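Since the structure comes first, as structure tokens, the remarks are kept for the end.
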Amino acid sequence: MASYHLLGISGSLRSASTNTQLVQAAKAAFDPEEFTLASLDLPLYNGDLEAASGIPASVQVLADQIAAADAVVISTPEYNKMLSGVLKNALDWVSRTKGGPWKGKPVAVMSAAAGRAGGERAQWTLRLALNPFGPRVIPGPELHLAASSEQFDESGALKSEQYQGTLEALMAALRAEIT
């Protein structure tokens, strides 16, 4: 089996985030040789800050992590029917870096949310937000983890066989997109 470097991105900064738990579950299902969990603890995008100081080091680290990964898995919460502000901010900042790190990159998108739709709209808006950067976003299967705070056991594994099966299928599709 080939060895791959997977980058995980959680659209939540909370330490107990179910989106971070879902990224970790994706890591287990993907079983990469190397895994990096990105930090989105970035300054708010500000053109004046960029003009005065250039790209912040934390943003460049994220862009370099995207470029270095063989594939990326992103999980977003749903805030007011959209992707999280922290994730949108990260996309805005990375778009300002050189080299187009997203171009052609295989990306799996998923969501975890408290509501019964599991972040479906957030996932849809994330797909739209990624579109200008030219990644190869996996079309499915779609994973919308509903009532996310109830879906993980003490070890961080998904309780539901249905969700676990969907996650495994999504990670297999992501792995198949790596060239």
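The values are calculated or read from the model by the stated rules, or taken from the named source; none is laboratory data. Because the structure is a prediction, the values reported are computed rather than measured. As a convention, Cβ positions derive from the backbone with ideal geometry for all residues, glycine included, and neighbour counts pool all protein chains shown. Heads up: the accessible areas ignore ligands, DNA and RNA and are worked out on the full protein's heavy atoms, side chains in. Shrake-Rupley method; radii C 1.70, N 1.55, O 1.52, S 1.80 Å.
Report the full-extension gain for the segment ILE55 to ALA114: residue separation times 0.36 nm, less the Cα-Cα distance, to one decimal in nm. Show your work: numbers first, answer last.
Details: separation 59, 0.36 × 59 = 21.24 nm, distance 3.44 nm.
17.8 nm is the gain from fully extending ILE55 to ALA114.
Counting pairs of alpha carbon atoms under 8 Å apart in space and at least six apart in sequence, what relative contact order in percent does the chain give?
Values: 343 pairs, mean separation 43.1, N = 179.
With pairs under 8 Å counted, the relative contact order is 24 percent.
Run the reach check for LYS159 against lysines, Cα to Cα strictly under 25 Å, same-chain hits fewer than 8 apart removed. What comes back?
LYS27
Apply the Karplus parameterisation 6.51 cos²θ - 1.76 cosθ + 1.60, with θ equal to phi minus 60°, to every residue of the range 23-34 and state each ³J(HN,Hα) to the nearest whole Hz, in sequence, with x for glycine and proline.
Karplus-based 3J(HN,Hα) across the range 23-34 equals 4, 5, 5, 5, 4, 4, 6, 6, 6, x, 5, 9 Hz.
For the range 1-71, what does the alpha-carbon gyration tensor say about shape, rounded, prolate or oblate, given a ≥ b ≥ c as the root eigenvalues, a/c under 1.5 as rounded, and a/b over b/c as prolate? Before the final figure, lay out the partial values.
Values: a/c = 4.44, a/b = 1.66, b/c = 2.67.
Taking the square roots of the gyration eigenvalues as a ≥ b ≥ c, the range 1-71 is oblate.
Once you order the gyration tensor axes a ≥ b ≥ c over the Cα atoms, which shape class does the range 116-179 get: rounded for a/c under 1.5, otherwise prolate or oblate by comparing a/b with b/c? Can you show the working numbers first?
Details: a/c = 2.67, a/b = 1.44, b/c = 1.85.
Oblate.
Angle, helix 120-130 long axis vs. longest principal axis of the chain, Cα atoms, 0 to 90°, nearest 10?
30
Give the relative contact order (percent, whole number) for the range 139-179; include only Cα pairs under 8 Å separated by 6+ residues.
Working: 20 pairs, mean separation 18.2, N = 41.
Relative contact order comes out at 44 percent.
Take each of the peptides 36-43, 117-124, average the number of other beta-carbon atoms within 10 Å over its residues, and list them starting from the highest. Display every interim value, and only then the final one.
Numbers: 36-43: 15.4, 117-124: 22.0.
Per-residue Cβ counts within 10 Å, averaged per peptide and sorted highest first, yield 117-124, 36-43.
Tell me the angle of helix 161-177 to the major Cα principal axis of the chain, expressed in degrees between 0 and 90 and rounded to the nearest ten.
40
Over 5 Å intervals from 0, what percent of Cα-Cα pairs in the range 36-162 sits in each interval?
Each 5 Å bin holds this share of Cα pairs: 2, 11, 19, 21, 19, 14, 9, 4, 2, 0, 0.
With only Lys, Arg, Asp and Glu charged, each at its Cβ (+1 for the first two, -1 for the last two), find how big the charge dipole of the chain is about the Cα centre; round to the nearest 20 debye. Please list the in-between numbers first.
Working: 14 positive and 18 negative charges, 106 e Å.
Approximately 520 debye in magnitude.
Roughly speaking, to the nearest percent, how much of the chain's 1.4 Å accessible area is carbon and sulfur? Please report the intermediate quantities before stating the final value.
Numbers: 4380 of 8820 Å².
On the chain, the fraction of accessible area on carbon and sulfur atoms equals 50 percent.
Dipole of the range 95-179, Cα-centred, from +1 at each Lys and Arg C-beta and -1 at each Asp and Glu C-beta, to the nearest 20 debye? Each step should come with its number before you reach the end.
Details: 10 positive and 8 negative charges, 145 e Å.
Here the size comes out at about 700 debye.
Helix 57-68 versus the longest principal axis of the chain: what angle, 0 to 90°, nearest 10, using Cα atoms?
So the inclination is approximately 60 degrees.
For the range 141-170 and the range 66-128, what is the separation of their Cα centres, given in Å?
Result: 18 Å between the Cα centres.
With a cut-off of 8 Å between alpha carbons and a minimum separation of six or more residues, what is the relative contact order of the range 73-116 in percent? Intermediate values should be presented prior to the final figure.
Working: 30 pairs, mean separation 28.5, N = 44.
This gives 65 percent for the range 73-116.
Normalise the Debye intensity by I(0) for the range 106-153, one equal point scatterer per Cα, no solvent, then take log10 at q = 0.14, 0.33 Å⁻¹ and round to two decimals.
-0.36, -1.17
Which percent, to the nearest 5, of DSSP beta bridges fully inside the chain are antiparallel? If you can, show how the numbers build up before the last one.
Values: 2 of 20 bridges.
Percent antiparallel among DSSP bridges in the chain is about 10.
May I ask you to give the solvent-accessible area per residue for the chain, in square angstrom, as obtained with a 1.4 angstrom probe?
Details: 8820 Å² over 179 residues.
Accessible surface, normalised per residue, equals 49 Å².
Give the cross-link partners of LYS103 among the lysines, using a straight C-alpha distance below 19 Å as the criterion and excluding same-chain residues fewer than 8 apart.
Excluding near neighbours in sequence, the set is LYS88.
Towards the positive end of the charge dipole of the chain, with charges on Cβ (+1 Lys, Arg; -1 Asp, Glu), say which of VAL137, ALA51, PHE35 has the farthest Cα.
ALA51
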